[in-house]
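Here the structure is laid out as structure tokens; the discussion comes afterwards.
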Amino acid sequence: MNNEGLKKFTTVNFLNFALGFLGLQFAWQMRIILSGPVTENLGADAFLYGLIWLAGPFTGMVVQPLIGALSDKTKSKFGRRRPYLLGGAIIASVALWLFPNSGNIAEMFAKLTGMNLPSWTGLLIAAIMIWIIDACINIAQGPYRALIPDVVLPEQHSLANSYISLAIGLGSVIAAATAPFLKFVCHYQMSVKAQFIMAALAFSLAMIWTCLTIKERSTANDVEDVENKTENVGFWKSMTEFFALSPEVSKICVMQFFTWIGMMCMMIFFTNFAIHTVYGIPDLTKLAVDVQKTYMSAQTSATNYSSICFAIFNLICFVIAVPIGILAGKFGNKKVHIISLLSMVLAYLGMGIFCTVKPVVTVCMALSGIGWASVCALPFAMLSKYIKAGTEGSVMGIFNIFIAGPQVFVCTLVAWIINKSVVYTNGLYNNHYEYSFFIGALCLLIAAAITKFIKE
């Protein structure tokens with residue numbers, strides 16, 4: 001595909017383009033914040049929770065490359081990318097509605113069939129819903145990133161990715177802040193089920209808007225060319241061609257690998273960190289059901305605190321998303337990204353050392369937002385200059401392996417370390433969730449060091 005026929009995007013175009021990602025991130029943020037309490041109440045300990053989180057990386061490594069390649073070759077009156085954006089959003093929205101009702105679904109199924117189902121049935125249903133949610137988000141996300149070279153001029157790619165960062169920040173802020181805002185301002189505690197319904201509506205409606213307002217141009221000739229060239233190209237050959245784009249591509253991928261170990265150390269475990277470390281609530285899976293109920297109010301308060309921290313974290317991302325793109329254009333992607341990663345290293349160390357001091361944790365989460373704004377935009381901007389026409393979906397899908405793959409490490413080894421880090425307080429069982437921040441800080445420091453050697 002060449003750039004012929006592409007028009008310069010206006011601010012309105014960028015906002016319409018980014019709205020779908022706002023909805024996607026809204027849903028993803030709700031899944032990040034609330035999946036821990038939902039699954040723990042269904043019986044998942046730290047390690048089992050990590051295994052359930054494997055849905056994200058596994059679907060990311062398999063689904064995104066596959067869907068990315070398919071979208072490059074898709075012919076439809078709706079375009080190459082939009083069928084995947086809409087399909088992923090709608091299916092994910094249904095799963096988002098069902099997820100917090102997993103326990104009720106298990107009970108209803110048992111009553112209808114007369115079967116004596118095991119106690120873990122509700123948790124199994126919840127795990128299946130998470131896998132569906134993550135798979136469908138990946139179905140939408142890969143083609144969404146690939147849509148940038150399709151409709152945006154090359155000189156605006158960094159700005160387009162910055163608007164996506166802006167949408168990621170704003171969507172996350174709204175998702176995280178809604179329940180605490182209603183609680184502290186209106187004295188109304190929004191239920192977990194209501195929050196997931198809100199996420200489902202935001203994802204589907206926002207994606208529909210973007211698909212209606214951003215038109216893909218005709219790609220019939222480009223698609224035919226791509227099909228002819230890639231008809232017999234297997235996965236490993238695609239990987240070989242991907243790394244042959246430039247020697248710098250390998251460095252960018254390794255940088256992403258360590259970056260996302262660091263990112264997921266926080267994203268996966270922060271809510272549980274807030275509940276069990278900051279608020280000191282014991283592991284509820286080790287307590288009887290009647291004893292668990294005595295901690296429900298404290299768990300809700302801790303979850304609201306986690307939501308506030310995520311809201312602040314993403315607000316910073318939202319505020320500096322566009323300035324990050326401007327600074328990168330002036331000083332280079334590499335310099336800005338290194339500084340952003342180092343700011344997150346300092347923030348992680350602060351949260352790990354002062355893990356029971358809420359003001360420090362809150363400030364450190366705000367500082368982490370600087371790094372998050374950069375992570376959401378600049379690595380993709382670094383990679384975009386090496387993408388060949390007609391292969392955008394495939395490249396972004398393969399690149400996502402180095403985002404999703406590291407999460408397996410976090411979901412297994414880091415989760416295992418936390419699960420084995422036993423601490424007893426007043427005879428009650430708990431874990432050292434702050435360990436995830438020390439591991440994350442080390443990986444982000446490695447990522448910053450690798451970035452220094454990437455040539456621009």
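Bear in mind that the values in this text are calculations on the coordinates, not laboratory data. None of these values were measured; they are calculated from a predicted model. Positions of Cβ are generated from backbone atoms using ideal geometry, with glycine treated the same way; all protein chains shown enter the neighbour counts.
Below, the figures for the structure above:
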read-out: The chain: angle of helix 192-213 to the longest principal axis, Cα-based, in degrees nearest 10; value: 10
read-out: Globularity ratio of the chain, using Cα Rg and 2.2 N^0.38 Å; value: 0.96
read-out: Gain upon complete extension [residue 75, residue 426; 0.36 nm per residue less C-alpha separation]; value: 120.0 nm
read-out: Residue-averaged 222 nm ellipticity for the chain, from DSSP H runs of 4+ at -39500 (n - 2.57), nearest 500; value: -25500 deg cm²/dmol
read-out: Candidate lysines - alpha carbon under 18 Å from residue 286, same-chain residues fewer than 8 apart omitted; value: 420
read-out: Residues residue 362 and residue 335, FRET efficiency given R0 of 25 Å [Cβ-Cβ distance, rounded to 0.05]; value: 0.30
read-out: Exposure proxy ranking, count of Cβ atoms within 10 Å, fewest first, for 305, 433, 386; value: 386, 305, 433
read-out: Given charges at beta-carbon only (K, R positive; D, E negative), |dipole| of segment 316-456 in Debye; value: 340
read-out: Calculated FRET value between residue 120 and residue 292, using beta carbons and R₀ = 22 Å, to 0.05; value: 0.85
read-out: Kirkwood Rh (inverse of mean 1/r, distinct Cα pairs), segment 248-351, angstrom; value: 16.4
read-out: Packing-based exposure ordering (other Cβ within 10 Å, fewest first) of 123, 54, 24; value: 54, 123, 24
read-out: Burial order of peptide ranges 291-299, 154-162, 364-372, 422-430 (average beta-carbon count within 10 Å, highest first); value: 364-372, 154-162, 291-299, 422-430
read-out: Additional length obtainable on full extension of the chain from residue 416 to residue 15, 0.36 nm per residue less Cα span; value: 140.2 nm
read-out: Degrees between helix 157-186 axis and first principal axis of the chain (Cα, 0 to 90, nearest 10); value: 20
read-out: Neighbour cut-off at most 14 other Cβ (10 Å), DSSP loop, trypsin sites (Lys or Arg not before Pro), segment 7-98; value: 7, 8, 75, 77
read-out: When each of 73/385; 7/330; 73/452; 75/334; 385/452 is checked by Cα-Cα distance, pairs over 28 Å; value: 73/452; 75/334
read-out: Cβ-based exposure ranking for 451, 303, 285, in which fewest neighbours within 10 Å come first; value: 285, 303, 451
read-out: Tensor-based shape of segment 108-221 (alpha-carbon gyration tensor, a/c under 1.5 rounded, otherwise prolate or oblate); value: oblate
